[in-house]
1. Put one equal scatterer on each alpha carbon of the stretch 419-471, apply the Debye formula with no solvent term, and list log10 I(q)/I(0) at q = 0.15, 0.16, 0.17, 0.32 1/Å to two decimals.
2. What do the square roots of 5 times the Cα gyration tensor eigenvalues come to for the stretch 264-324, in whole Å, largest first, as semi-axes of the equivalent ellipsoid?
3. Roughly what would the spin-label model give for F209 and T608, points 7 Å off Cα along C-beta, in nm?
4. Along the stretch 390-402, what does the Karplus equation 6.51 cos²θ - 1.76 cosθ + 1.60 (θ = phi - 60°) give for ³J(HN,Hα), rounded to whole Hz, x for Gly and Pro?
5. Compute the relative contact order of the chain as a whole-number percentage, counting only Cα pairs closer than 8 Å that sit 6 or more residues apart in sequence.
6. So how much slack lies between A357 and R185, counting 0.36 nm per residue of separation and subtracting their Cα-Cα distance, in nm?
7. Can you quote the Å³ per residue value for the convex hull of the Cα atoms in the stretch 333-384, rounded to an integer?
8. Bin width 10 Å, alpha-carbon pairs only: give the P(r) of the stretch 223-262 as whole percents, running from 0 to the bin holding the largest distance.
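Every read-out reported here was derived from the displayed coordinates using simple, explicitly stated rules and does not represent laboratory data. Just so it is clear, the model here is predicted, and its values are computed rather than measured. No Cβ is skipped: glycine too gets one built from the backbone with ideal geometry, and neighbour counts run over all protein chains shown.
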Amino acid sequence: MQITCPVPPCAGTTGASSLESVRPKQTHEHGTRLKRSLPVVLACCLVACGGGGSGSTSNPTNATGQPDLTTPDNGNPPTGNATLLPALPVPSLTPGPSADDEPIPESGLRHSVTGFLPVRDNAPAITKQSAEEITLEEFLAGPLPPIIEIPPGIDPATNAAPFFEGLTDQELFAGDVLTLPFIPRDPEGDLPGLFPEELPEGGEFVDNFDGTKSLVWQPLQGDVGITEFTIVALDPLDSFYRTRQTIRIRVLMPDDPASIPNRPPRIEEFIPHTVRVNDPVAIELRGIDLNDTTPTLSIANLPPGGTFTRHPQRDDVFILRYIPTQTGVQTFDVVSIDADDPALTTTEQITIEVLSAASFLTQGPRLRDLAVARGLFLGFASRQDFYHRPDGEIYTQFAADEFNLVTPENSMKMEVLNPLPGRFDFADADNLMRFAERYGLAVHGHPLVWYTQLPEWINTTAVADRAIHLREYISRIVSRYADDVRSWDVVNEPVNNDGSLRDSVWLEGMGESYIDIAFRQTRELDPDAVLLLNEFDIEVDGPKADGFFSLVERLLERDVPLDAIGFQMHLFTPFDQFDEVRQRFQQAADLGLDIYITELDVSFPEGTTAGNRDFERQAAVYREITTLCLEQPRCRSIQTWGFTDQYSWREPLEPLLFDARYQDKPAYRAVQEQLTPP
Ligand code: G3I
């Protein structure tokens, strides 16, 4: 594929690094963005400016002889022919996006970023109607049977499962106090362990110091209805041999609601944040009142120039906006005022650490610049609402400086984008595109098709209609973002740990061919996007990887348009199977596929505490993985699943390159060193 530079050879003599002069200034209106204009511009200019590129412009390569990034598969024709699928039915099974689904500009009240103006969805928030609404008939039918989990090696005939003595469903009035003991028993006589899966709001789990524990809970107005509560008993000999007992608690409104005690309101937990002096800060606080009313919040010590106002669309949320002009730890006293009794209040403190601009300076070259010079994407998964977070501005700056690719952690999951039939909430995804456009990052879409994080409605569709629902969904999303998204995780996590195909509404409707259909539909709608099959734990030996690669071979034999494999790589610091990773990467390359490391993070094992965490060991894993990608010509991208521990899905295990205060860790410096040309 001949690539013509869309820009004259860059000057490269402006004093900025040659890379600076190639970073395009995105000036397009949203939606008319030149697809992948960034890598094309960078690759051409790299060659023109000698910025780490070498070889002819017809097929530029970088310092390590890696192919350039500008084509989905290094100039080879896309794999698989896009066998055209039959036309989608008219009318469609569910309505497509309409003008009502177009996001609208957000009022200046909420966002904490200055580089772009976020948009918001215009439709009313969806109250989460749980599909598990438990009916009275179900409650009256009596307790559910226990679920027993039997690990390998356990023979129930000789070691019967633990159970709870005398545990039944419960019924009480709001305002009454429930004290429910859990008495675990084991037929072999020893004492089982036990734990609750999730406590009801306001509930406590107390130890009776006799081998039993009790749930103590005073349901209030907000709890009227039927609540499920699950308690788990652990076999004394093997804690993975366990019995899950779910009970139902029916809460009734008393004849005299005034008999229900009025509990003081409070705010939802607010974790401390670190921000940069002189940056705009927006803090969203949610008031909670278990009596099912909406408290008013106020701040006794509002900072100079600060405002604290109710959220424009949510009555239970208030927003503190201010610009910290001094460094130090700032504490605000937040007062929650009861809606029925203004004298009933709670005062709680929230903390913000303000650091100087110098505190956020990271030594050495930016990872983004190093990656571009190596002909690589370096990406991160962006938190869904970073532009509403207190530290949104510094988050944005680090993201734009260190990465040339962004993928949405949650913004493009089906439950977010298409929560109801015919309803589309595009704002979070659109904001990601605006961010990427503003700072010149490529976008990696994640995921089009997954077995989880699906909207309830898809689970209730006819099995025979699943293929059309899948294709309608893909066609709507890919069509909207084809100009913005360079690569897609078309199907995410298709196999089980034993290598078999993972159950899902899609497999139920189409068998394995759901994968073929998803890729063909995507290719049809966006012919030059890079299409990935994305999975975790396939970088090492084992039945899962074997099953996955067998699936890949079947797909390729069926000419499915698959361009690359996404190796998620959610690792832990003791990881040392690097030879297996090298072999799995080569296995993908031998199949003619590119390699994307899509969700890299390296967590400390559960149970390790701050004092005994070996950050150099963590750095060594990042270093080795970076090296493995640099060594493999078909490795195109290293993407971490977030970049600051503040927002990691595994936050307590500190898995990322920066800590929660945006300070670079040994892991960052290890990647920086490895990407620096020898
Ligand atoms: O946004 C809602 C919020 O409104 C609500 O108050 C809150 C409590 O119910 O839930 C919030 O949604 C959560 C969402 O993350 C955003 O924070 C979901 O409950 C939670 O399940 C979801 O977890 C995500 C997880 O995928 C879902 O399976 C993680 O953030 C995300 O990091 C993780 O990412 C996955 C990749 O997509 C696929 N590979 C594995 C990776 C890690 O599990």
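1. So the normalised log intensities work out to -0.58, -0.64, -0.70, -1.33.
2. Working: eigenvalues 107, 29, 21 Å².
Semi-axes (√(5λ), whole Å): 23, 12, 10.
3. My value for the distance between the label points is 3.7 nm.
4. So the Karplus estimates, Gly and Pro as x, are x, 9, x, 6, 6, 4, 4, 5, 4, 4, 5, 6, 9 Hz.
5. 13 percent
6. On the way: separation 172, 0.36 × 172 = 61.92 nm, distance 5.91 nm.
Between A357 and R185, full extension yields 56.0 nm more.
7. Details: hull volume 6.3 nm³, N = 52.
Here the figure is 121 Å³ per residue.
8. Each 10 Å bin holds this share of Cα pairs: 24, 29, 22, 15, 9.
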